[in-house]
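One structure below.
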Amino acid sequence: MSIETFRQQVQVATEHRGGIKLQPCLALDPAWFGAIQQEVRGLLRERAPSDVTRQDHPTHWTNPYGKAVQYSLFNASGDTSDTSADHDHKHEGKSFNAAGCKALQRFFSCFESRALNLRLNGLLPDSGLSPHEECVLHGDRLRLRFHLPVFTNGQSSLVLDEERFQVREGVVYYFNNGCVHAAQNDGREERFHLLFDLFLDEWIWQNVLDPDSPSTPAPGLRKISRGEAERLMPSEPCRIDEYIIGTLTGLILKAQRQRNENGEETWVKTPLNA
């Protein structure tokens with residue numbers, strides 16, 4: 001596969017026609033990842049998150065339920081509860097703000113020159129984000145989202161276009177948030193993922209996404225082979241009958257599955273904030 005084929009397959013998925021929804025890309029050295037887990041535990045004790053369930057939170061449009069929190073780790077203020085620049089699609093003026101987290105900083109430094117954000121997103125037990133869809137094409141640029149599960153459990157899952165996936169701690173996944181997607185934690189333990197966004201370029205393709213390239217962003221990260229990738233994202237069908245669409249203009253739409261007079265299923269979209 002070439003970078004152009006990858007781009008095309010991502011776009012196919014955003015049109016809900018198959019394509020690339022989820023791809024395991026990199027595995028962290030176990031000792032390095034263990035140090036990241038330890039640092040994240042300390043960060044959760046010592047720093048303040050933003051509350052995604054607040055109506056003024058920029059992610060609230062995804063209809064969170066239960067208790068969902070977010071730590072912003074790459075911004076201008078240094079405040080982990082500051083969400084003001086998490087979705088501005090800009091890199092300039094931001095810096096890593098988890099002082100003392102050396103293992104986490106080592107990981108993020110691999111992507112920092114390209115990163116648009118870095119967030120630690122948490123779902124407490126019986127919490128989640130409802131099905132929603134975002135725009136990932138910005139002019140001629142394709143925005144990519146990556147997940148690094150730090151703490152998860154067997155009752156925590158990600159949904160992408162009516163397919164429910166289980167993901168594994170210590171593995172970096174490309175996550176196509178242009179699909180209709182959702183996140184659930186039905187377990188008894190907290191679930192935390194590191195998320196960061198980048199615009200696709202040749203370096204990211206060669207070092208992160210292309211399983212046939214030997215290059216990686218840094219020592220301690222290894223590529224996931226095609227065969228291994230299948231084992232790292234077990235899935236099952238998951239029907240979706242309603243979801244929310246966020247647009248670049250700020251208009252929020254609700255899409256609902258309905259049957260027309262011929263008995264055929266169709267999606268009806270109506271504005272929520274016109």
### Query
Given that compact globular proteins tend to follow 2.2 N^0.38 Å, what is the ratio of the alpha-carbon Rg of the range 206-271 to that value?
1.87
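Which value, in debye to the nearest 20, gives the size of the charge dipole of the range 22-160 about its Cα centre, when Lys and Arg are +1 and Asp and Glu are -1 at the Cβ?
280
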### Query
So for the chain: antiparallel DSSP bridges make up what percent, rounded to the nearest 5?
95
### Query
With each pseudo-label sitting 7 Å past Cα toward Cβ, what's the Glu202-Ser84 distance in nm, one decimal?
3.8
### Query
If we count other beta carbons within 10 Å of each Cβ, what is the order of Glu46, Glu228, fewest first?
Glu46, Glu228
### Message
Just to be sure I understand the model, the point goes 7 Å from the Cα along the line to the Cβ. What's the resulting Asn262 to Leu137 distance in nm?
### Response
2.7
### Task
Evaluate E = 1/(1 + (r/R0)^6) for Arg114 and Ala48, where r is the Cβ-Cβ distance and R0 equals 22 Å; express this FRET efficiency to the nearest 0.05.
0.20
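When Lys and Arg each count +1 and Asp and Glu each count -1, what net charge do the other residues less than 12 Å away from Gly170, Cβ to Cβ, add up to?
Values: positive: Arg168, Arg222; negative: Asp29, Glu169.
After counting each charged neighbour, the total is 0.
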### Query
the range 13-53: D in µm²/s via Stokes-Einstein (Kirkwood Rh, Cα pairs, 4 °C, 1.567 mPa s)?
94
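Where a number appears in this text, it was derived from the coordinates with a stated rule and is not lab data. In this text, all values refer to a predicted model and were calculated from it rather than measured experimentally. Heads up, the Cβs are rebuilt from the backbone with ideal geometry, glycines too, and the neighbour counts pull from every protein chain shown.
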